[in-house]
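Encoded as structure tokens, the structure appears first; notes follow it.
The values are calculated or read from the model by the stated rules, or taken from the named source; none is laboratory data. Remember, it's a predicted structure, so these values are computed and weren't measured experimentally. Note that we place each Cβ from the backbone using ideal geometry, even for glycine, and neighbour counts take in every protein chain shown. Ligands, DNA and RNA are stripped out before the accessible areas are found, and what is left, the full protein with its side chains, is counted by its heavy atoms. Shrake-Rupley method; radii C 1.70, N 1.55, O 1.52, S 1.80 Å.
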Amino acid sequence: MDLLLLVGTRKGLFLIRGSGNEWQLEEPLLAGWSINHAVLDPRDGSLYACANNWVYGGTVHRSTDLGQTWERAEALGLPEESGLKLASTWHLEPGHPSQPGTLWLGGEPGVLFRSDDSGVTWIANEALLSHETRERWEPGAGGLVCHSIALDPENADRLWIGISAAGVFRSEDGGRSWQPANAGTEACFFPEDPFPEVGQCVHKLLAHPGRPERLWQQNHCGVYRSDDAGESWERLDENGLPSRFGFALALDPGDADVAYVIPEVGPENRVTSDGQLGIYRTGDAGASWAPTVAVAPAWAAVLREGMGFDADGGVYAGTQSGFVYALREGQVAEVARHLPPILSVEASTWP
Amino acid sequence: MLLPGLLASEVGGQREFELDATTVGAALRALPVAGLVLDETGAVRPLVHVYVDGERERDLDAPLAPSATIRIVAAIAGGSYDRSKMVPMRLGGWANLTIVVGHLVALGWAWTAFRWVDIEVEMRELADQSAALPYLLTLLVAAFFLIFGLYGLSAAGDLRRLPLLRPVLGFIAVVYLLRATLLGGIQDVLAGDVKQVMFAAIALLIGLCYASGFRTLSKQKRMDTARPEPSS
């Protein structure tokens, strides 16, 4: 199978073609833009990139020819009455298969947009903008960022979002209302109230594409799994994980009990644990974890969008030092080196 | 209209545009990259600098000459702060300039004015040395208020940036706040002198204006030097 890795970096988007054990790095696209996330829409092969620039702000670029030509979203911004301005675009999630042309976009400050015309125009999600708990949300080190958008594989009206540091929210009505879904997840930085309704610092949230109601999250204060659509969460960061802290998270679409994390020492020292880049895997829903060392010695950092996964159980991690590693069937391979600092990795099949 | 490289690459590499527009804002809005130059409220993004025929232009309503050349430049650093936060600073600056005018006008009725502000005795002593001294001292005081006012307006973005802007702003704030408290204000309140308490209150307000300007400038400085890292 021909793989396509989409590697978003601080300085442009890199496409890497994979065929067997051969990797071919292409020239950077959207040079000069910081690509927080890029994704290939499996429904029509369109390429989307959350492109940001410190002068020109955040936007979304779309290409229907794998990056040869690009169109930019029109008038992407927040309504005046919100009193907020869009600071950056962060994560793009193609909508449910039953809703062609629909896409979701997460951004800063804690905002969500929906497009129903394949990313040309975007409407800000009103229920989230005016959420009753918004005043209790606090920005994390990367800002008040809506970085995770997880869809229910069966029910198009149900989705979850993750915001740092507001927590996980669930909608059962296609985004018309949002309920906090943080029961059991700790806000270890609030000693006076470590289990609040909102305010948790979720770092990455994913829903298993084959098993409805199973969610995973790498949180500031632990690794968690939910088997009831976010009603409750079970803490998993014992039994082999060197740290509860980390950002990256990956799943295996073919096995709902498999997950991957890349632990870091802690919030005050955000480098991979034990002086090595260890990709930790569980095959028993988080009961136990074991590492595969991608490279050692290494004091690497893999950001929250920095690990992608393919349909066959392969995972791909990109570091802040510009290296990309593949972990497939227990074997690690270096895919690319000396790229700009990597912000995101997504794995797709070559359309 | 001339575009920098990154914006030009968004429109197929075209760097120059001929536009029909009567104001700077209309010209920017007519660009195919308007959404990158302006934010969703229609304001120019803070790090985008607009030059018309070589002069920095901050007013989107400024009229354009028929052959004007607009150049968009990405700030290398600094940019401009949110000017709405500089409203107190602007008020403080104009308050000082008003005081300058007050001093100059008062020179016409100098002794009445000295009496009114309760410094007649001190001024008589000066006048005994030389009749011109009270007038010269008044002019010197007015000159200080003028400098204070110009620094205030400079911080508010209405004048070119003056040297040592932030430390001078902090100094002025401290001078006013001290006048309003330890150096007179508290004593005036204890003495129940209504007129002097009013002066102290004015000093307090102006001091707070300058302190607010100092704070906004300091925040901007922090933002320039420490951009948040994405994600981690």
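So in the stretch A:96-123, with the set limited to residues that are more than 14 Å from A:ALA73 (Cα to Cα) and in contact (Cβ under 8 Å) with a residue 60 or more places away in the chain, which one is least open to solvent (accessible area, probe 1.4 Å)?
A:LEU112
Picking from B:LEU47, B:LEU31, B:LEU19, which residue would you name as being at negative phi, open to solvent by 30 Å² or more (accessible area, probe 1.4 Å) and among the hydrophobic types (A, V, I, L, M, F, W, C)?
None of the other options fit; the residue is B:LEU19.
Count, please, the residues in the stretch B:148-187 that happen to be among the aliphatic types (A, V, I, L, M) and either over 16 Å from B:ILE206 (Cα atoms) or loosely packed, with under 15 Cβ neighbours inside 10 Å (or both).
The qualifying residues number 9.
Using beta carbons and a limit of 7 Å, which pairs, at least six apart or on different chains, have the first residue in the stretch A:196-222 and within 17 Å of A:GLN179 (Cα to Cα) and the second one of a type in the set (S, T, N, Q) and at pLDDT below 95?
That search, which allows pairs on different chains as well, returns A:CYS201/A:SER164; A:VAL202/A:SER164.
What single numbered condition from (1) out of contact with any Cys (no Cβ under 6 Å at 6 or more places or on another chain); (2) more than 20 Å from A:ASP41 (Cβ to Cβ); (3) not in a loop (DSSP other than H, G, I, E, B) fails to hold for A:CYS146?
Status for A:CYS146: all satisfied but (2).
So, in the stretch A:71-90, how many residues would count as being open to solvent by 60 Å² or more (accessible area, probe 1.4 Å) and more than 8 Å from every other protein chain (Cβ to nearest Cβ)?
Final tally of qualifying residues: 3.
Could you tell me whether A:PRO297 is open to solvent by 10 Å² or more (accessible area, probe 1.4 Å), more than 10 Å from A:ALA248 (Cβ to Cβ) and either hydroxyl-bearing (Ser, Thr, Tyr) or within 14 Å of chain B (Cβ to nearest Cβ) (or both)?
So A:PRO297 fails the test.
Which residue is nearest to the other protein chains (Cβ to nearest Cβ), if the candidates are limited to the stretch A:316-346 and must be open to solvent by less than 10 Å² (accessible area, probe 1.4 Å), part of a strand (DSSP E or B) and among the hydroxyl-bearing types (Ser, Thr, Tyr)?
Of everything passing the filter in the stretch A:316-346, A:SER344 is nearest to the other protein chains (Cβ to nearest Cβ).
Scanning the stretch B:9-33 for residues that are within 14 Å of chain A (Cβ to nearest Cβ) and among the β-branched types (Val, Ile, Thr), which turns out nearest to B:ALA68 (Cα to Cα)?
In this case the residue turns out to be B:VAL33.
Which one is nearest to the chain's Cα centre (by Cα), of the residues in the stretch A:93-126 that are small (Gly, Ala, Ser), under 21 Å from A:ASP152 (Cβ atoms) and assigned to a strand (DSSP E or B)?
The qualifying residue nearest to the chain's Cα centre (by Cα) is A:GLY106.
Would a scan of the stretch B:36-48 turn up a residue that is away from chain A (no Cβ under 14 Å) and more than 19 Å from the chain's Cα centre (by Cα)?
no
Yes or no: B:LEU6 more than 14 Å from chain A (Cβ to nearest Cβ) and open to solvent by 30 Å² or more (accessible area, probe 1.4 Å)?
no
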